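Take a look at the structure below.
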Amino acid sequence: MGNIEIKRKTKETDIFVALNIYGGNVSIDTGVGFFDHMLTAFAVHGGFGLTVAVKGDLNVDCHHTIEDTGIVLGKAFSEALGDKSGIARYGSFHIPMDEALAFASVDISGRPFLVFKAEYPQQVVGGYDCCMTEEFFRAFAFNSGMTLHINSEYGSNSHHIIEAIFKAAAHALNSAVKRVDSNKPLSTKGILE
């Protein structure tokens, strides 16, 4: 487990991600201001060192930029966690954000899955389409090999709902990647894949 750098270039996006799951500087530039704000909150609240630089086809919309960032960030987490030895594996967290409350639970299992429940009173925050929150976390979960459950329990402001989601996921992940006194994966099978 250490510093991971990943580059991915397609006809739609050009992405660089540097990740240290145990801390470091945070620098985010995706071209989508609200998404930058969410990834910064994710890194700070998760205790992750994170650099994200994205050039995407924002002339189309924000979809490819956000989904592809989820893909690359998921791959970075997968590589950083290796065989998942010596980590707590599970984490869950509630985050209140003014009138909104969100919950996230993660199992770093090697079995990708996403359960996502959220409704948004406003469909756009800045240049960010709220429906892309689920797309980001689906790409992230499936490319990191995590089981991730996210539930927005209530809220009336889409900014607060989404920010609570990102922060809840960050704190849940922070708990799951904590080191434990073991040199083996936490599994009755002896491996996680």
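Every read-out reported here was derived from the displayed coordinates using simple, explicitly stated rules and does not represent laboratory data. In this text the structure is predicted, and so the values were computed from the model without any measurement. Note that each Cβ is placed from the backbone with ideal geometry, even for glycine, and that neighbours are counted across all protein chains shown.
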Problem set entry | Dipole of the chain, positive direction: furthest Cα of V17, S85, M38, with charges on the beta-carbon | S85
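Roughly how big is segment 64-116's charge dipole about its Cα centre, with Cβ charges of +1 (Lys, Arg) and -1 (Asp, Glu), in debye to the nearest 20?
Charge dipole, segment 64-116, about its Cα centre: 300 debye, nearest 20.
Let's test the formula: R0 of 30 Å, r as the Cβ-Cβ distance of D61 and K117. What FRET efficiency results, to the nearest 0.05? Before the final figure, lay out each step's value.
On the way: r = 24 Å, r/R0 = 0.79.
Plugging the Cβ-Cβ distance into 1/(1 + (r/R0)^6) gives 0.80.
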For this session: Within segment 89-155, report the GluC sites (Glu not before Pro) that DSSP leaves as loop and that have at most 14 other Cβ atoms within 10 Å.
Result: E99, E119
Exercise. Semi-axes of segment 77-157's equivalent ellipsoid from the Cα gyration tensor, sqrt of 5 times each eigenvalue, largest first, rounded to whole Å?
Worked result: 26, 15, 9
Seminar exercise, completed: The size of the Cβ-based charge dipole (Lys, Arg +1; Asp, Glu -1) of the chain about the Cα centre, to the nearest 20 debye, is 840
Problem set entry | Inverse of mean 1/r across different Cα pairs in segment 88-131, Kirkwood, Å | 13.0
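Take the alpha carbon gyration tensor of segment 53-101, find the square roots of its eigenvalues, order them as a ≥ b ≥ c, and report rounded if a/c is under 1.5; if not, report prolate when a/b exceeds b/c, else oblate. Spell out each step's value before the answer.
Working: a/c = 4.38, a/b = 1.24, b/c = 3.54.
Cα axes put segment 53-101 in the oblate bin.
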For this session: Divide the volume of the convex hull of the Cα atoms of the chain by its number of residues and quote the answer in cubic angstrom per residue.
Result: 99
For this session: Filter the trypsin sites (Lys or Arg not before Pro) in segment 1-72 to those in DSSP coil with at most 11 other Cβ atoms within 10 Å of their Cβ, and list the result.
Result: K11
Exercise. For segment 1-115, what does the alpha-carbon gyration tensor say about shape, rounded, prolate or oblate, given a ≥ b ≥ c as the root eigenvalues, a/c under 1.5 as rounded, and a/b over b/c as prolate?
Worked result: oblate
Exercise. Hey, in the GNM for the chain with a 10 angstrom Cα cutoff, which one of V54, V125, V106 fluctuates hardest?
Worked result: V125
Seminar exercise, completed: Per the charge dipole of the chain (beta-carbon charges, Lys/Arg positive, Asp/Glu negative, Cα centre), the residue among N183, I28, A170 reaching farthest to the positive end is N183
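Given a Förster distance of 45 Å, report the FRET efficiency between S156 and N3 from their Cβ-Cβ distance, rounded to the nearest 0.05. Write out the running numbers ahead of the final one.
Numbers: r = 40 Å, r/R0 = 0.90.
Result of the calculation: an efficiency of 0.65.
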Seminar exercise, completed: Projected onto the charge dipole of the chain (unit charges on the beta-carbon of Lys, Arg, Asp and Glu, signs +1, +1, -1, -1), the Cα from N59, N151, Q122 with the largest positive-side position is that of N151
Exercise. What residues from segment 5-25 fall in the zone where the backbone N is under 17 Å from a label point 7 Å along the Cα-to-C-beta line of K178?
Worked result: 21-23
Seminar exercise, completed: The relative contact order of segment 4-176, taking Cα pairs under 8 Å that sit 6 or more residues apart, comes to a percentage of 27
